[in-house]
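Here the structure comes first, spelled out in structure tokens, and everything after it is commentary.
What follows draws every value from the coordinates through simple rules; no lab data is involved. These numbers come from a predicted model, not from an experiment. Here the Cβ positions follow ideal geometry from the backbone for every residue, glycine too, while neighbour counts run over all protein chains shown.
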Amino acid sequence: MNKVARVFVSVIVASSATAALGQSVALPGKKMQGKFHLLPATLETTQWGWFNNAQPPVLTVESGDTIMMETMMHSHNQVVPGATIEAIKKLRTDHPGRGPHTLTGPIYVNGAEPGDVLKVKINKIVPRAYATNFNVPGMFGEFPKEYQDGQVKYLYLDWDRKVTEFLPGVLIPIKPFPGTIGVARKEPGQYSSVPPGEYAGNMDIRDLTEGTVLYVPVFVPGALLWSGDSHAAQGNGEVNLTAVETAYRELNVTVEVLKDMKLDMPRIETPKSWITMGFDQDLNKALDQVKAQTGRFLSEQRKLSPDEGAKLMAKVSDCRISQVVNIKKGIHCLSPKSASTKEDMERPTKETARYYVTHAKDADLNKAMDTASMSMIKWLESSKGIARLDAYGLASAAMDCRLGDVSGAEKNVHCLMPKSLWVANAGK
Amino acid sequence: MSDALALLWLPFVLSIVLVAIHTFLGLQVLARNVVFVDLALAQIAALGATVAFMLGHPVSSSGSYAYSLAFTLAAAVVLASTRSWSQRVPQEALVGVIYVVAAAAAFLVVEKAPQGTEHIKQLLTGNILTTGAHDLAFVTPLYALVGCGLWAARARLARSGEGSSKWLWDFFFYACFGVVVTSSVALAGVLLVFSFLIIPAAIGMLYADGVRRLFIGWAVGVLASCVGLTASYVWDLPTGSTMVCTFGATLAIAGIVWPLRSRDTAAIVARGARVGVALALAASAAWIAIAPREDQPLLDALELVSPVVREMYLSRNEMQIYTDADEYAQRYSREADRLNDKEAQSRWQGEPLSDSDVRRISSFLQSYNEMRRGEEFVKREVRARARTRVRWVLGAVLLVAACAVFPWRLLNIPVDGARRPLRVRPQAAPSDS
């Protein structure tokens with residue numbers, strides 16, 4: 001464990017005694033541009049289920065500073081054997097509008113004003129060594145009617161091998177990313193942490209991993225940055241509502257206020273690509289939004305007209321269905337940084353050397369997604385002999401649902417399951 | 001006066017009173033061989049209280065007490081009337097039936113009642129901590145009267161009479177018993193009353209004869225009550241259940257110590273213990289080789305006593321993960337304790353929390369408990385993986401330990417192959433005393 005990590009662990013392990021808010025620390029020998037801040041997750045430094053732009057900040061930083069924050073898991077222990085659906089529903093209806101997430105923050109960034117863009121670089125993510133995946137019986141997820149029974153799985157995150165054994169012989173690679181990271185809305189009041197939007201929030205985009213950068217428009221002074229809903233891995237679709245859900249012992253981010261950049265929706269920069277996104281309760285409308293965002297990005301990048309940019313999207317951009325369970329469903333598209341290349345456009349309709357595949361097409365993108373993803377779940381049950389709730393959970397944690405051809409009357413969805421997940425003697 | 005003393009002195013005095021009368025009754029019950037009559041009568045009293053509760057009488061009211069007593073006296077009539085069955089069918093059979101039917105009837109009665117389950121729990125485990133001085137003032141003279149009556153009639157009760165005389169004295173005993181049980185169950189619950197009745201009396205009978213049994217029972221009962229109440233306070237445990245377990249542990253200790261009074265039997269017990277330990281070690285050796293990821297009770301116990309054992313087979317990296325998970329689990333427990341204190345303090349002192357804050361704390365407690373369980377899962381997983389890796393070595397070590405502990409001389413197989421007689425200690429000559 002390096003010196004920085006040791007300092008952080010010692011602070012957060014002792015945090016219950018001090019109920020520490022964020023702390024600024026000097027790190028000897030560490031050459032960094034800004035200051036360094038530690039933010040443990042405690043009752044005082046976290047919010048439960050709401051974004052509220054009137055929430056007093058738990059930490060104030062300058063543009064260019066680095067924050068080493070801790071996150072918590074959200075509780076799922078209402079999913080216990082014997083708990084009736086009525087009891088679980090009551091738990092939700094007792095707290096209408098509130099999301100399940102525990103969010104660390106808000107962090108006030110000095111100098112950030114409405115109209116600016118906040119650049120958040122994900123420097124490092126270290127999850128705790130455990131995670132869960134669960135299904136709330138009869139509620140939430142893509143198929144609540146079909147899954148009236150619930151289950152919770154605990155998973156050990158093998159950080160040395162960067163895998164977790166979801167089922168005997170089935171290893172999911174660990175690629176941690178914050179399911180929720182975002183700034184305050186411009187509207188006053190309390191808003192559920194569940195739906196994503198122009199403020200980012202619960203995007204559940206699995207490509208937002210270590211080394212990537214989130215650009216998000218600022219709506220209130222100080223931006224007010226939160227993060228939570230920490231994931232160790234997730235399928236594109238997140239069909240049973242949950243990913244490989246964990247907590248982070250360290251989410252290390254550097255924030256910077258960009259005065260010159262203008263955005264109306266968040267964007268993500270990866271080493272090779274730019275990611276644009278669209279959110280809506282209707283997947284067809286989310287597609288329209290992401291098309292507009294991607295078309296605009298490509299036209300800016302390649303000096304094209306907006307129409308030409310939109311047409312180019314079908315040829316160079318790789319679009320995935322991020323999630324279909326967060327009230328507002330999400331689609332994100334990767335477009336190459338290099339103007340001369342194009343993204344991985346593999347859209348198989350049958351099994352390939354690398355993937356098990358299901359495919360569906362429909363005029364309604366929501367139906368196409370439902371059909372393709374349910375086909376994969378049923379295939380896992382029948383061909384791999386996986387129990388139905390395990391199959392639902394595995395699809396949620398590892399299935400990759402990609403947007404296919406959407407130019408005609410029917411829209412195509414391809415759900416892929418990597419064959420590399422099945423490893424003999426995995427746990428040994 | 002400290003908080004602990006202020007909270008516990010009244011329950012402790014009540015425990016002394018309960019021990020005094022129940023040990024006395026317990027000796028009679030054991031002599032009559034109707035051990036479970038207390039459970040049956042207590043459950044009948046509980047049924048009476050449940051019926052009263054459903055009819056609108058508050059718990060611990062005089063109405064509730066009257067219903068309990070009426071039900072118990074009716075059961076006493078039944079028990080006294082069926083004593084003659086015992087020549088063909090053991091009376092314990094009827095006692096068992098009364099208990100089961102009374103328990104089932106209580107569940108039926110409260111089936112649709114709000115808080116019904118809580119009421120049943122209350123009847124089973126009671127709440128001796130909430131005892132008031134008025135309870136003590138009521139039961140002390142009542143129990144003294146019953147005790148004096150039974151003491152005065154002890155000769156007639158012991159005599160096996162015939163006909164209506166026998167029925168009358170049986171009814172007298174069961175009626176007295178019912179009066180005591182009705183009052184005690186309302187204060188201490190069915191389970192604790194049974195422990196007061198049987199365990200001190202059983203220990204008294206184990207170690208002495210005559211009236212000394214009563215004094216031993218009283219001493220043991222008072223000691224167990226004191227330990228149980230203290231443990232409940234120190235570890236913040238439910239008082240009734242803690243006291244029942246303490247009484248059970250006291251009986252277990254008495255049972256273990258009893259054969260050790262004689263040097264010969266102590267030697268036999270020691271050899272038996274060595275055989276038991278050796279078999280347990282050998283079974284553990286086989287179990288860890290066959291199923292290293294499953295629970296390993298012996299190894300777990302060894303690690304609990306001496307964590308060094310764990311360090312011997314975990315790698316450095318595994319040990320770091322284990323220690324880290326342990327530290328975080330403790331941290332989450334501390335955080336949960338802090339939130340509980342905050343909520344408790346808001347109730348007793350200072351500003352009350354808003355509904356929103358209480359819900360927030362509730363959510364955090366759930367999250368902390370969940371995360372603590374996650375850390376415990378990590379500890380189990382790391383240990384299971386390490387045990388899988390070193391299962392043959394661990395199995396061999398345990399097997400060697402089993403061989404070292406086993407008393408080979410019991411098998412009487414010398415190294416040279418010749419059989420030698422077992423060395424037997426000379427028996428002491430019987431004395432006149």
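Table for the structure above
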{"quantity": "Under 5 Å, built H, 5+ apart or other chain: amide partners of A:LEU38", "calculated": "A:GLN23, A:SER24, A:VAL25, A:MET68"}
{"quantity": "Volume of the Cα convex hull of region A:267-421, divided per residue and given in Å³", "calculated": "112 Å³"}
{"quantity": "Farthest positive-ward along the protein assembly as shown dipole, Cα basis, beta-carbon charges - from A:LEU312, A:PRO56, B:THR140", "calculated": "B:THR140"}
{"quantity": "Relative contact order of region B:117-261, defined on C-alpha pairs under 8 angstrom at six or more residues apart (%)", "calculated": "26 percent"}
{"quantity": "Relative contact order of chain A, pairs being alpha-carbon contacts under 8 Å that are 6 or more residues apart, as %", "calculated": "17 percent"}
{"quantity": "Region A:267-421 - percent relative contact order, Cα under 8 Å, separation 6 or more", "calculated": "21 percent"}
{"quantity": "Low-density loop cleavage sites - trypsin sites (Lys or Arg not before Pro) in region A:279-367, where at most 11 other Cβ are within 10 Å (DSSP)", "calculated": "A:LYS303, A:LYS350"}
{"quantity": "Set A:LYS311/A:LYS411; A:LYS35/A:LYS121; A:LYS162/A:LYS378 screened for pairs whose C-alpha atoms are more than 19 Å apart", "calculated": "A:LYS162/A:LYS378"}
{"quantity": "Gaussian network model of chain A, Cα within-10 Å springs - most flexible of A:GLY105, A:GLY235, A:GLY408", "calculated": "A:GLY408"}
{"quantity": "Among B:GLU351, B:GLU335, B:GLU311, residue whose mean-square fluctuation peaks in a GNM of chain B (springs only between Cα atoms under 10 Å)", "calculated": "B:GLU351"}
{"quantity": "Amide H partners (placed H, <5 Å) of A:ASP116, local residues excluded", "calculated": "A:VAL218"}
{"quantity": "Selected from B:ILE128, B:ILE120, B:ILE361 as most flexible by GNM, with chain B as the system and alpha-carbon contacts under 10 Å", "calculated": "B:ILE361"}
{"quantity": "Total formal charge among the other residues, if their Cβ is under 9 angstrom from that of A:GLY111, Lys/Arg +1 and Asp/Glu -1", "calculated": "-2"}
{"quantity": "Cβ-defined net charge surrounding A:LYS411, 15 Å radius [Lys, Arg +1; Asp, Glu -1]", "calculated": "0"}
{"quantity": "Above-threshold pairs, the threshold being 26 Å between Cα atoms, out of A:LYS124/A:LYS337; A:LYS119/B:LYS379; A:LYS145/A:LYS186; A:LYS153/B:LYS121; A:LYS153/A:LYS419", "calculated": "A:LYS119/B:LYS379; A:LYS145/A:LYS186; A:LYS153/B:LYS121"}
{"quantity": "Mean Cβ count within 10 Å, highest first, over the residues of peptides A:164-176, B:271-283", "calculated": "A:164-176, B:271-283"}
{"quantity": "For A:VAL170, residues with placed amide H under 5 Å, excluding near neighbours", "calculated": "A:VAL423"}
{"quantity": "Cα-centred dipole magnitude for chain A, charges only on beta-carbon of K, R (+1) and D, E (-1), debye, nearest 20", "calculated": "800 debye"}
{"quantity": "Residue-wise HN-Hα coupling along region B:69-82, computed from phi with Karplus coefficients 6.51, -1.76, 1.60 (Hz; x: Gly, Pro)", "calculated": "5, 4, 4, 5, 5, 4, 5, 4, 4, 4, 5, 5, 6, 9"}
{"quantity": "About the Cα centre, charge dipole magnitude for region A:148-257 (Lys/Arg +1, Asp/Glu -1 at Cβ), debye", "calculated": "60 debye"}
{"quantity": "Cα centroid of region B:1-68 to Cα centroid of region A:167-223, whole Å", "calculated": "59 Å"}
{"quantity": "Mean residue ellipticity (222 nm) of the protein assembly as shown, computed from DSSP H runs ≥ 4 via -39,500 (n - 2.57), nearest 500", "calculated": "-16500 deg cm²/dmol"}
{"quantity": "Region B:210-218 - phi-based ³J(HN,Hα) in whole Hz, Karplus 6.51/-1.76/1.60, Gly and Pro as x", "calculated": "x, 6, 4, 4, 5, 5, 4, x, 4"}
